[in-house]
Each structure stands twice: as structure tokens, then as C-alpha cells.
Amino acid sequence: MRHGKKVNHLGRTASHRKALLANMASSLILHKRISTTLAKAKALRTYVEPLITKSKDDTTHSRRTVFAYLKDKTAVSELFREVSVKVADRPGGYTRIIKLSNRLGDNASMALIELVDYNDVYVKEGKAKSGEKKTRRGRGGAKKTSAPAAESQAQPDADTSADTTAAE
């Protein structure tokens, strides 16, 4: 029985697994999305999400801690400069795993793991275009604005014509 054994060993020794996850985490931070097997993606999620949480606090100690895991200077600087700024208000769940079709060679289940805030398809339009003003180009809006104006113009004309006929 495997009670309390949460680590997926991925069929590797501890040192190989540690190097594999460090390289995959660096690639994920630099490229924002990578394609891998489903088991590796799930293992990577538990590896990289605490690092992203740690990057929210930009101190020397947290940088050194993250560098001890990643062992890549460019990935650490990218994480602390860009990624941490983008996920600052998010309380967790920084990655998304999307299942793909099985690999042709060995039929392994494949997955796409990506950073949530960097996918333009799933980002809400309010967040993506918060500073821009929406312009309407449809014809439906013009009728609504001109119709009340036409009615308000028609009523005073009727009143003035009635007043003029009454005055005569």
C-alpha cells in the first residue's frame, strides 16, 4: 500500500528527477507553455507553483531560494520581473494543464501545461482591454440614439404648430 506517498517518481532516480523538473520549470517560465506527458505535467505543477508564490515577495532570500530550485539565472529574473507582476493578485492556481492526444510512438498521454495569465484565449476581455474605450460600429446603436431625439423633436413641433394655430 502507498499510504502518504504523494511524489510521482517518474521512473527516475532522485537526482535525475530533480534535474528534469528544474529544466522543465525553467522552460515553462521562459516559454510560458510547454508540451509534455501528463504525468510530468502534473509533477511539474506541484514543483513550479510554490516557486511562483515565492516570487511574489521580491527579496534576496526568495531569489536565492528560487535559484536553488531552478539553477537558471535568466529564468529566475524572468520569474521575478514579469511573471510575478502578472500573477500578483492571483491567490494560487498559476498553471493550467490541457490534455492532448496520445503520442504516436508509445501512446503516452500528452498534455500542454501553461501559465494561466499568459493565454489570450482564456483571459477575460475586461482585464485584457481595461484601458481602452470600446467603440461601437454597428447600426443598431445609431437607431436607438436617434429615435428618442426624433420623438423629442416631433413633440415640440406639434406643440408649436398647435400654439400657432391657436394664436391665429
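Since every read-out is calculated from the coordinates, none of them should be taken as a lab result. Just so we're clear, the structure is a prediction, and the values are computed from it rather than from any experiment. Here the Cβ positions follow ideal geometry from the backbone for every residue, glycine too, while neighbour counts run over all protein chains shown.
State, to one decimal in nm, how far the label point of residue 46 lies from the label point of residue 82, with both points 7 Å from Cα in the Cβ direction.
The answer from the label model is 2.9 nm.
May I ask you to derive the FRET efficiency for residue 108 and residue 64 from their Cβ-Cβ distance with R0 = 45 Å, giving the value to the nearest 0.05? Don't jump to the answer; show the numbers that get you there.
Values: r = 36 Å, r/R0 = 0.80.
The formula returns an efficiency of 0.80 here.
Would you mind ranking 67, 80 by Cβ crowding within 10 Å, fewest neighbours first?
Working: 67 15, 80 19.
The fewest-first ordering by Cβ neighbours comes to 67, 80.
In which sequence would 87, 48 go, from the one with the fewest C-beta neighbours within 10 Å to the one with the most? Can you show the working numbers first?
Working: 87 21, 48 24.
Ranked by crowding around the Cβ, least crowded first: 87, 48.
What Kirkwood hydrodynamic radius, in Å, does the range 14-128 give when the mean of 1/r is taken over all pairs of distinct Cα atoms and then inverted? Numbers along the way, then the final one.
Details: mean 1/r = 0.0680 Å⁻¹.
Taking every pair of different Cα atoms in the range 14-128, averaging 1/r and inverting gives 14.7 Å.
Check each of the trypsin sites (Lys or Arg not before Pro) in the range 79-126 and keep only those in coil by DSSP with at most 14 other C-beta atoms within 10 angstrom; list them in order.
Working: sites: 81, 86, 96, 99, 103, 124; in loops: 103, 124.
Loop-located and lightly packed - 103, 124.
For residue 98 and residue 1, what does the FRET efficiency come to when R0 = 35 Å and r is the distance between their Cβ atoms, rounded to the nearest 0.05?
On the way: r = 32 Å, r/R0 = 0.92.
Taking R0 as 35 Å, the efficiency between residue 98 and residue 1 is 0.60.
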